[in-house]
Each structure stands twice: as structure tokens, then as C-alpha cells.
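Worksheet for the structure shown next.
The values are calculated or read from the model by the stated rules, or taken from the named source; none is laboratory data. Just so we're clear, the structure is a prediction, and the values are computed from it rather than from any experiment. Using ideal geometry, Cβ is built from the backbone for each residue, glycine included, and neighbour counts are taken over all protein chains shown. We work out accessible area using only protein heavy atoms, side chains counted, and drop any ligands, DNA or RNA first. Shrake-Rupley method; radii C 1.70, N 1.55, O 1.52, S 1.80 Å.
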Amino acid sequence: MAWQQRTPHILAFMIVATMVWSSINPADMRVWWAEMVPIMAIFAGLLLTFRKFQFSNTSYVLMSVLLIMHTIGAHYTFANVPFDWVTDTFGFERNHYDRVAHFSVGFYAYAAAELLVRKNWARPVTAMFFGLFFIMSVAAAYEIIEWQFAVIEGGDAGIEFLGSQGDEWDAQKDMLADTLGALAALVLFWFSKYRHSN
């Protein structure tokens with residue numbers, strides 16, 4: 001169907017529109033750049049490789065969740081995204097928008113597994129393990145980057161980028177959220193057509 005073929009283009013338009021909105025008067029421009037550089041790099045990578053390798057629409061939708069959520073978080077800073085309705089509904093003591101965004105990082109495990117299977121670089125189960133370990137590695141690396149930015153930048157910008165909101169176990173919980181997102185995405189991959197392609 002025509003709309004299915006246009007799905008990547010529609011998602012790209014939504015991401016660009018969100019980026020433009022996010023760049024207008026963000027809460028802290030230093031934090032915005034720090035948050036957006038990796039997102040812009042991912043988006044650019046997907047654009048540059050689109051003609052050579054097109055992921056499934058499922059992969060593009062899953063990958064877009066992080067790009068959009070992270071871009072929104074960059075505008076407000078993650079601790080200050082208007083997420084009160086969730087906080088109030090569940091009686092949370094902190095804003096968990098960043099946890100949901102970290103969960104969406106794990107969605108990239110689906111795309112990683114799909115790439116390996118479709119390129120015949122790995123069998124489905126091996127590809128799924130790679131996707132899981134890839135996300136866990138990225139999660140750990142990002143927490144180190146957050147820590148170093150907070151140390152180097154210091155002040156309010158460092159605190160806002162770190163986004164721990166006073167939780168001493170924030171980094172570990174973020175990594176867990178990434179991992180759980182990957183497991184959820186890989187369950188979806190298990191029931192996809194790609195799991196049966198090799």
C-alpha cells in the first residue's frame with residue numbers, strides 16, 4: 001500500500017518537525033546540544049543509508065520513538081518534561097519521562113537483529129542476542145558520557161543533563177530500562193517474519 005511505502009518519509013517529517021520545535025527557546029541550550037548531537041547522528045545515519053538498506057516499517061516506527069522522545073526531552077530537559085499526569089496517576093515521587101525514553105532506546109535491538117538476519121550475517125537467535133548485548137553496551141556507554149558531561153560542565157547544565165533527580169541509583173535504573181526495552185522489542189522480533197527467514 002502507498003501509505004506503507006511512505007511510512008519512513010512521514011516519520012522523518014515528524015522527527016524533523018519535532019527537532020525544529022525543540023530548538024526554539026529550549027530550557028538550556030548547552031543541554032539541548034548535548035542531548036541532540038547523538039540524536040542528530042542517529043537520524044543522519046538512517047537518512048544516509050536509506051537508499052542502500054531500508055529497514056522494515058516496524059523498525060522505523062520503533063526507532064522513531066526514541067528520536068522524538070529524546071528531542072522533546074532536550075527541549076525541556078528530561079526532569080522537567082510536562083509528564084505530571086503520569087506522575088500523579090501512579091503516585092510517583094519523580095518525573096519518569098526519562099525512564100520511558102530509556103526504555104525506547106531498547107527498541108533499537110529490533111533493528112539490530114533485523115539488519116543481521118536480512119544481511120545473512122547471523123541466524124535469528126544469534127542476532128537477537130547481539131541486539132540485546134548491543135543495547136546493554138550502548139546503555140552503559142551513555143551513562144559514562146552523562147557522568148563525564150556532568151563533571152566537565154558542572155553547574156545546572158551538568159545536573160540537568162545527568163537527570164538523576166536525586167536518585168543515587170539513577171544510572172543503574174536507566175540501564176535496566178534500556179535492557180527491558182530491548183527485551184520487549186526482541187519479543188516482537190521473535191514473532192516477526194524475520195525470525196523464520198533463516
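Confirm whether Arg30 is within 23 Å of Leu186 (Cα to Cα), out of contact with any Leu (no Cβ under 8 Å at 6 or more places or on another chain) and modelled with pLDDT under 95. Answer is no for this residue. Kindly establish whether Thr18 is among the β-branched types (Val, Ile, Thr), open to solvent by 50 Å² or more (accessible area, probe 1.4 Å) and closer than 22 Å to Tyr108 by Cβ. So Thr18 does not fit the description; no.
Got a sec? Which of Ala112, Ala127, Ala122 is more than 12 Å from the chain's Cα centre (by Cα) and not in a helix (DSSP H, G or I)?
The conditions single out Ala122.
So for the stretch 105-120 (the condition being closer than 30 Å to Lys193 by Cβ, at pLDDT below 95 and either in contact with a Gly (Cβ under 8 Å, 6 or more places away or on another chain) or polar (S, T, N, Q) (or both)), does at least one residue qualify? Scanning the stretch 105-120, I find at least one residue that is closer than 30 Å to Lys193 by Cβ, at pLDDT below 95 and either in contact with a Gly (Cβ under 8 Å, 6 or more places away or on another chain) or polar (S, T, N, Q) (or both), so the answer is yes. Is it the case that the stretch 62-73 has a residue that's farther than 23 Å from Met14 by Cβ and surrounded by 22 or more Cβ atoms within 10 Å (Cβ to Cβ)? So far as the stretch 62-73 goes, no, none of its residues is farther than 23 Å from Met14 by Cβ and surrounded by 22 or more Cβ atoms within 10 Å (Cβ to Cβ). Scanning the stretch 11-27 turns up no residue that is at pLDDT below 95, out of contact with any helix residue (DSSP H, G or I) (no Cβ under 8 Å at 6 or more places or on another chain) and not acidic (Asp, Glu).
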